[in-house]
1. How much mean residue ellipticity at 222 nm does the chain get from its helices, if each DSSP H run of length 4 or more adds -39500 (n - 2.57) and you divide by all residues, to the nearest 500 deg cm²/dmol?
2. GluC sites (Glu not before Pro), restricted to segment 128-219: which are DSSP loop and have at most 10 other Cβ atoms within 10 Å?
3. Carbon-plus-sulfur fraction of the accessible area of segment 80-219, 1.4 Å probe, in percent?
4. How big is the shadow of the Cα convex hull of segment 27-115, averaged over all directions, in nm²?
5. How big is segment 26-70 along each principal axis, measuring the range of its Cα positions in Å and listing the largest first?
6. Across segment 64-76, in residue order, what do the Karplus-derived ³J(HN,Hα) couplings come to in whole Hz, using 6.51 cos²θ - 1.76 cosθ + 1.60 with θ = phi - 60° and x for Gly and Pro?
7. Given the C-alpha atoms of segment 105-185, compute the convex hull and give its volume per residue in Å³.
8. Which of (i) 101, 55, 28; (ii) 78, 39, 27; (iii) 49, 40, 30 is the computed Cα extents along the principal axes in Å for the structure on display?
Amino acid sequence: EGTVLISGSQSQGRGRLGRSFFSPADTGVYLSVLLRPGFENPADAARLTTMAALAACEAVSEIAGQQAQIKWVNDIFIDSHKVCGILTQAAFQMENLDPEYVIVGIGINLYMPTEGFGKELENIAGSVLQEQSGDIKNKILAETLNRYFYYYKNFAKKEFIAEYKMRSLVLGKGIRVVTKDGERKATALDIDDMCHLLVEYEDGTRENLSTGEISIRLQ
């Protein structure tokens, strides 16, 4: 537990829902953290993702001096562009569904690629900085990991929830809830202690959205 693998590029970077994660050399930092949390409640594993989003968001803001925010669940945005993605994967024991291990992957776009992000991502992806800036790569890595392991060590206190909500990009705003059945307009109202997103639809009904089950888009 606690092993961290850091890469300067990825040939087959993974994103959510089977998507690829564009990871060209010399433009970003990509890391995977191995955890063996031993949670009594398997649902707690989902909060490892929100802790990673908060840690990366705080590190980018602190080291790069940028106003970064979190789009539920785990995307980091600066000026309406995604600069960081997080993917958490786990192996569960069949007998009791306890997580045997969890791998938290974090990818941060530090600089714009020379060739750009491509047509598919050009209106979505962005970078933390516009030009090279000293040893900022190692500083952001260190700050992200320090903050993440602090939150992980103090997981039971749930103090990261309040900080996560403060940096939310969606609370109080109109969103579109995207499922396999289509899209519905809603307003993001709150985030609970399990990191579920409470939304209210146009017809007045409310729903707690769970991590990994849906996607949301800002209206």
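The values are calculated or read from the model by the stated rules, or taken from the named source; none is laboratory data. Fair warning: this is a prediction, and the values are worked out from it, not measured in the lab. Please note: Cβ atoms are built from the backbone with ideal geometry, for glycine as well, and neighbour counts cover all protein chains shown. To get the accessible areas, we keep the full protein, side chains included, count just its heavy atoms, and leave off ligands, DNA and RNA. Shrake-Rupley method; radii C 1.70, N 1.55, O 1.52, S 1.80 Å.
1. Numbers: 3 runs with 43 residues, N = 219.
My calculation for the chain gives -6500 deg cm²/dmol from helical runs alone.
2. Details: sites: E131, E143, E159, E163, E183, E200, E202, E207, E213; in loops: E131, E159, E202, E213.
Answer in residue order: E131, E202, E213.
3. Numbers: 3840 of 8140 Å².
The nonpolar share, carbon plus sulfur, comes to 47 percent.
4. Numbers: hull surface 26.2 nm².
Mean shadow area of the hull around the Cα atoms is 6.5 nm².
5. So the extents along the principal axes, rounded to whole Å, are 38, 23, 12.
6. So the J values, rounded to whole Hz, are 8, x, 10, 8, 9, 9, 10, 8, 3, 9, 9, 9, 9.
7. On the way: hull volume 14.2 nm³, N = 81.
It comes to 176 Å³ per residue, whole-number rounded.
8. Step by step, Cα extents along the principal axes in Å for this structure corresponds to label (iii).
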